[in-house]
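Notes follow once the structure below has been shown.
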Amino acid sequence: MKILHIVPTYYPCLEAGGVVNAVYQLGKKQAKEGNSVSIFTTDSCKKRMQLDERYGIDVDGVKVYYFRNLSNSLKSKFLIDTPYLLPFKIRKEIKNYDIVHIHEHRHSLAILASYYASKNGIPYVIQAHGSVLPFFQKEKLKELFDKIWGFKILKNASKVFALTDTEKKQYLKMGVEKNKIEIVPLGVNIEEYYKLPKRGNFRRKYNIEKNENLLLFVGRIHRIKGLDLLINSFDILNQKNIDNLKLAIVGPDDGFLNELKRLINDFDLENKVIITGPLFNNDKLEAIVDCDIFIMPSQYESFTTSGLEAMACGKPLILTKNNHIHSWVDGNTGLCSEYDKNDLATKITELLNNPELMKTFGKNGLKEVEKNYNWDSVEKRIMSIYKNLVKEDT
């Protein structure tokens, strides 16, 4: 099958968040299964990517086209992509594909891809990755986009992919027909976790003792991730004189690092909190392997791939109930708290005081990933949907 993925930012810009990694893993898996996979994207990242070549680059069996953004400042300030050569390429080439998979939908690439796919009778699917509703930041801009393009892009899609049942309800609020919505989660490449790094490497690098309990956050340092809540909860634990406790925050700055550092300084926690910056691949795995509890304290989270990675390493989770996956995590692979500093601190204490429960949650998490959240099963589900759409279209 000839598959075209549309995404505004792509590998190697992993610091842009989970969408980039999800598209990278899915495309790579689809290519490995014998499909012809292409990705149309831009050169945007935190800074413009420096590329020797731009078009048809082989990235793990996938042909990637990095279209130059006319203005990266428009991208960063207003979420407006300006890949000025893309319209010519997509108008000419889109008829050569069997299906188009658009990741997120409030960007100019989605406008072009949905328009030319519809014009040429090519089915397209939308995967919003948690951005179905216009909320949290730039709401007015998102609402304006929806009035002009967004509702039409969703309406004309052959299918839309929801990560969870909660996201399915959000699509319904946006007027998507129920029979067009498929629940398709994200995954991890489980085989990458069969041979993990040895314990102790991360702790040695950051002077964390063996007897210290290590709490770990992995993700973008952004206000929506709830890191201020985590620091407030960690301060409560520190005030209670819970010994041998460290917190590591791993991830790129996405506009909240300075405020986070001020908060850590205000609570006098500099010796207790470690901020590593972004870590990838084996370096990130070393951090997860060496932690005792993985924490995702988000204000809002549709899914958490880093949580799946922690589960694949056999680690217990603590999430806030603002995470859409909390319903099957709570009491199964970890604990879930209210978005409240005292409740989060209580849940952390509860797990630290029950090592056997931590082990049980870790084992359950690994089983969940192997059964339901690995890219093998997710890719098969997606390919089945693709094939049915292509059959309907012929």
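What follows draws every value from the coordinates through simple rules; no lab data is involved. All figures in this text were calculated on a predicted structure; none of them were measured in a lab. Heads up, the Cβs are rebuilt from the backbone with ideal geometry, glycines too, and the neighbour counts pull from every protein chain shown.
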Inset, instruction - Just the number, please: Stokes-Einstein D of the stretch 191-372 in µm²/s, Kirkwood Rh from C-alpha pairs, 25 °C, 0.890 mPa s. - result: 152 µm²/s
Inset, instruction - Return, in residue-number order, each cysteine of the chain whose C-beta is not under 4.7 Å from any other cysteine's C-beta. - result: CYS291, CYS313, CYS336
Inset, instruction - Can you spot the lysines whose alpha carbon is less than 24 Å from LYS359's alpha carbon? Ignore those fewer than 8 places along the same chain. - result: LYS195, LYS198, LYS210, LYS246, LYS284, LYS315, LYS321, LYS347, LYS367, LYS371
Legend entry - Ranked list, fewest to most other Cβ atoms within 10 Å of each Cβ, for PHE67, PHE40, PHE303, PHE256: PHE256, PHE303, PHE67, PHE40
Legend entry - the chain: angle of helix 375-393 to the longest principal axis, Cα-based, in degrees nearest 10: 20 degrees
Legend entry - Alpha-carbon centroids, the stretch 333-374 and the stretch 88-153: separation in whole Å: 37 Å
Inset, instruction - Treating cross-link reach as a plain straight distance, find the aspartates and glutamates whose alpha-carbon is under 18 Å from the alpha-carbon of LYS240, omitting any fewer than eight places away in the same chain. - result: GLU212, ASP266, ASP268, GLU270, ASP340, ASP343, GLU350
Legend entry - In order through the stretch 187-204: 3J(HN,Hα) via Karplus (6.51 cos²θ - 1.76 cosθ + 1.60), integer Hz, x for Gly, Pro: x, 10, 7, 4, 5, 6, 9, 6, 10, 8, x, 5, 5, x, 5, 5, 4, 5
Legend entry - For the stretch 293-301, Karplus couplings with θ = phi - 60° (6.51, -1.76, 1.60), whole Hz, Gly/Pro x: 9, 9, 10, 10, x, 5, 5, 7, 7
Inset, instruction - Sort LEU85, LEU317 so the one with the fewest other Cβ atoms within 10 Å of its own Cβ comes first. - result: LEU85, LEU317
Inset, instruction - Subtracting the Cα-Cα distance from 0.36 nm times the residue separation, let me have the gained length for GLU143 to ASN241 in nm, one decimal. - result: 30.5 nm
Legend entry - the stretch 110-219: trypsin sites (Lys or Arg not before Pro) falling in loop per DSSP and having at most 12 other Cβ within 10 Å: LYS195, LYS198, ARG199, LYS210
Inset, instruction - State the label only: which of (1) 94, 45, 40; (2) 85, 51, 42; (3) 65, 42, 41 corresponds to Cα extents along the principal axes in Å computed from the shown model? - result: (3)
Legend entry - ARG91/GLU259 FRET efficiency (R0 51 Å; Cβ-Cβ; nearest 0.05): 0.70
Legend entry - Highest-MSF residue in the chain out of PHE145, PHE234, PHE88 [GNM, Cα springs under 10 Å]: PHE88
Legend entry - Footprinting exposure proxy for TYR171, TYR206 (fewest neighbouring C-beta atoms within 10 Å first): TYR206, TYR171
Inset, instruction - Report the full-extension gain for the segment GLU209 to LYS363: residue separation times 0.36 nm, less the Cα-Cα distance, to one decimal in nm. - result: 53.0 nm
Legend entry - Tilt relative to the chain, helix 341-352 - C-alpha long axis, 0 to 90 degrees, to 10: 70 degrees
